[in-house]
Amino acid sequence: MPHDTLPQPAVARRSAGLSGTIRIPGDKSISHRSLMFGGLAAGETRITGLLEGEDVLNTGRAMQALGAAIRKDGDVWIVGGTGNGGLLAPEAPLDFGNAGTGSRLTMGLVGAYDFETTIIGDASLSKRPMGRILHPLRLMGTQVRAAEGDKLPVTLRGPGVASPLTYRVPMASAQVKSAVLLAGLNAPGITTVIEPVMTRDHTERMLAGFGAALSVETDATGVRTIRLEGQGKLTGQTIDVPGDPSSAAFPLVAALIVPGSDITIRNVLMNPTRTGLILMLQEMGADIEVLDRRMTGGEDVADLRVRSSALKGVTVPAERAPSMIDEYPVLAVAAAFAEGTTIMQGLEELRVKESDRLSAVADGLKLNGVDCSEGKDSLIVRGRPDGKGLGNAVGRKVSTHLDHRIAMSFLVMGLAAERPVTIDDSAMIATSFPEFFAMMTRLGATIET
Ligand code: S3P
């Protein structure tokens, strides 16, 4: 997203039952990795179903600046890679806009190269902590210049020869795990990442698919040890990107809370590291039918039939957080329409997403009449099943803080609340789900910009 885009307020109004079938766009995590790994591998990578959101397009531009050739032919993205070890020094700073994944994984990718790379981003990304990536890179011998507090802009210069690392990831973060593994691709010897709590495993699965010598061992307590042999050959692949469960979450929750809804969402990634929200909603009483489970490009995929449901409040265990980390804002909206109280715990990572999502959600819920309490790392929501009194008749706007998932969550809320819900900006929705407005409108949602 250009950094100077004017805010685009939007309002969602109580809608009649949603109906129809949609095909959800490509998974953001897999799309970023497809362009990165394709850009690094020798030969050609052909990608279908790529998410064409701003975040992913920025990763594509960065890979071009690092030497990859990327073009689109019909529906297929064709990436000519440099070969592992063959990235070129970029001539200008790499601008990742709003994208944490793009920027952090790229720091890993270039972190062991003996050239300078500068990474910049928008106002949201420039506030997010980068020390979690810079710390392991420094241990590998990378020189780092960063804004105060290890924020963007960051300039990296890898050592002549990087030292392979054994690194225990201190927080549940797939981005940190991935950045260390990607730096390890250009270091001699074995890089080892110890992951105490399992997070999304797309990097491991996809690197193995590209031919990396990578092994994963899980001990009896669930601690994973990932070993990667550096400087091996990566070979271009054909990738069909499955639909993003984190995007599917918005029409899914909308259909549950808008009475009389019955929708089908096709092509949803069902990797167990990503399905926490679906399980949680089912435990709340959601009518979600998982249809036609199949494999697409080495990943579990299914279609979801979702009908409006009477939801009950639940306690969401902290251990579920990594498998639904991006879904708490929209889960909190579902909880606002559930009978009883929903308690969400273990949410410390929400404070360092595209916004401080814990306070952004709590503030937005309160503005729209929801009874909720924000703790240091918890959120308690006391629901009102019929949405009576919820929303904001005078149009006070939810502050979205440049966060696409806050924007979409509150628009979903407005579809079932008694009064409209207005958000201060919707432009950044294009970072992850450019088709959101068209798809929601096609299902019968009343959303106006
Ligand atoms: C992502 C990892 C998660 C997630 C983000 C995408 C990835 O972040 O929130 O949207 O693709 O690796 P953390 O690694 O910070 O948990």
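Quick notes on this structure:
- Angle of helix 245-257 to the longest C-alpha principal axis of the chain, folded into 0 to 90 degrees and rounded to 10: 0°.
- Accessible surface of the chain, 1.4 Å probe, proportion on carbon and sulfur as whole %: 50
- Annotation for residue 373 and residue 155: the two label points, set 7 Å from Cα along the Cα-Cβ direction, are 5.0 nm apart.
- Pair residue 13, residue 76: separation of 7 Å Cα→Cβ label points (nm): 4.6
- For region 293-449: rounded, prolate or oblate by the Cα gyration tensor [a/c cutoff 1.5]: rounded
- Residue list for region 272-293, given a label point 7 angstrom along the Cα-to-Cβ vector of residue 216 and an amide N cut-off under 20 Å: 272-279
- Rh (Kirkwood; distinct C-alpha pairs) - region 28-240, Å: 16.8
- Ligands, DNA and RNA excluded, the heavy atoms of residue 167 present near 20 Å² of accessible surface to a 1.4 Å solvent probe.
- In this structure, residue 6 and residue 88 have a Cβ-Cβ separation that, at R0 = 60 Å, corresponds to a calculated FRET efficiency of about 0.95.
- Bridge type composition, the chain - antiparallel percent by DSSP, nearest 5: 75
- When the residues 76, 330, 161 are ordered by accessible surface, computed with a 1.4 Å probe over the protein chains alone, the sequence from largest down reads 161, 76, 330.
- Charge dipole (debye, nearest 20) of the chain; +1 at Cβ of Lys and Arg, -1 at Cβ of Asp and Glu: 280
- Net length gained if the chain between residue 348 and residue 126 were fully extended (0.36 nm per residue, minus Cα distance): 78.0 nm
- Between helix 404-414 and the chain: long-axis angle, C-alpha atoms, 0 to 90°, nearest 10: 10
- 14 Å Cα-Cα reach of residue 388 towards aspartates and glutamates, excluding residues that sit fewer than 8 places from it in its own chain: 339, 371, 418
- Oblate is the label for region 1-154. Its Cα gyration tensor axes, ordered a ≥ b ≥ c, give a/c of at least 1.5 and b/c at or above a/b.
- Whole-Hz couplings from phi, Karplus 6.51/-1.76/1.60, listed for region 415-422; x for Gly and Pro: 6, 10, 6, 5, 10, x, 10, 10
- Each helix, a run of at least 4 DSSP H residues, gives -39500 (n - 2.57); summed and divided by the residues of the chain, these come to -8500 deg cm²/dmol at 222 nm.
- Qualifying aspartates and glutamates (Cα of each under 12 Å from Cα of residue 72; at least 8 residues distant if same chain): 52
- For the chain, the alpha-carbon coordinates run over 64, 46, 46 Å along the three principal axes, in decreasing order.
- Here the label points at residue 289 and residue 339, each 7 Å from Cα along the C-beta direction, are separated by 2.4 nm in the simple model.
- Rounded to 10°, Cα long-axis angle of helix 174-184 versus longest principal axis of the chain: 10
The values are calculated or read from the model by the stated rules, or taken from the named source; none is laboratory data. Just so you know, these numbers come straight off a predicted model, no measurement behind them. Quick reminder, even Gly has a Cβ in these numbers, built from the backbone with ideal geometry, and neighbours come from all protein chains shown. For accessibility, only protein heavy atoms count, side chains too; no ligands or nucleic acids. Shrake-Rupley method; radii C 1.70, N 1.55, O 1.52, S 1.80 Å.
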